[in-house]
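Here's the structure we're looking at; comments come further down.
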Amino acid sequence: MGFFFTTVETKEPPNRSKREKCWESRDIYFKCLDRIEVIDPLNQQKKSLIKKECGNEDKQFEKDCVASWVKYFKQKRPFDKKKERMLNDAKNEGAEVVQLPGYRK
């Protein structure tokens with residue numbers, strides 16, 4: 001009867017301090033990427049540069065965060081950078097940024 005049953009270890013979701021540690025590690029890793037002017041950490045052409053210049057930060061980021069969060073943050077970074085650039089361009093052109101109800105900054 002034991003053939004069809006396996007015990008699955010379920011991890012606890014990260015508590016507040018673990019989430020904060022994750023975000024801190026993410027920010028350190030992303031600052032390193034900014035320093036070497038890499039927008040997309042998943043870009044295969046930049047993989048060796050990232051590993052050489054930000055390898056330690058990346059390892060710490062992956063250690064401190066749940067794997068699904070690492071994937072999410074790395075995929076989301078290019079969009080966030082583009083959004084930031086567009087908002088800065090609009091501001092420099094004198095445009096007014098309007099917050100819509102329900103819109104998260």
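For the reader, a short list of remarks on this structure follows.
- Every residue from segment 53-69 that is under 28 Å from PRO13 (Cα atoms) and in contact (Cβ under 8 Å) with a residue 12 or more places away in the chain: CYS54, GLU57, ASP58, GLN60, PHE61, LYS63, ASP64, CYS65, VAL66, TRP69
- Among the conditions (1) more than 15 Å from CYS22 (Cβ to Cβ); (2) in contact with a Lys or Arg (Cβ under 7 Å, 6 or more places away or on another chain); (3) not aromatic (Phe, Trp, Tyr), the only one that ASP64 does not satisfy is (1).
- Neighbours by Cβ (under 8 Å, 6+ apart or cross-chain): first from segment 78-95, within 18 Å of GLU37 (Cα to Cα); second surrounded by 11 or more Cβ atoms within 10 Å (Cβ to Cβ): PRO78/ILE39; PRO78/ASP40; LYS81/ILE39
- Looking across segment 59-71, just one residue is within 12 Å of PRO41 (Cβ to Cβ) and either touching a Cys at 6+ places or on another chain (Cβ under 8 Å) or of a type in the set (Phe, Trp, Tyr) (or both), and that is PHE61.
- Of residues in segment 24-47 being part of a helix (DSSP H, G or I) and surrounded by 15 or more Cβ atoms within 10 Å (Cβ to Cβ), the one nearest to the chain's Cα centre (by Cα): ARG26
- Any hit, segment 69-88, residues being outside any helix (DSSP H, G or I), surrounded by 12 or more Cβ atoms within 10 Å (Cβ to Cβ), in contact with a helix residue (DSSP H, G or I) (Cβ under 9 Å, 6 or more places away or on another chain) and modelled with pLDDT of 95 or more: no
- Any hit, segment 48-59, residues being part of a helix (DSSP H, G or I), in contact with an Asp or Glu (Cβ under 8 Å, 6 or more places away or on another chain), surrounded by 11 or more Cβ atoms within 10 Å (Cβ to Cβ) and on the phi < 0 side of the Ramachandran plot: yes
The values are calculated or read from the model by the stated rules, or taken from the named source; none is laboratory data. Since this is a predicted model, take the numbers as computed values, not measurements. Don't worry about glycine lacking a Cβ; one is built from the backbone with ideal geometry, like all the others, and counts go over all protein chains shown.
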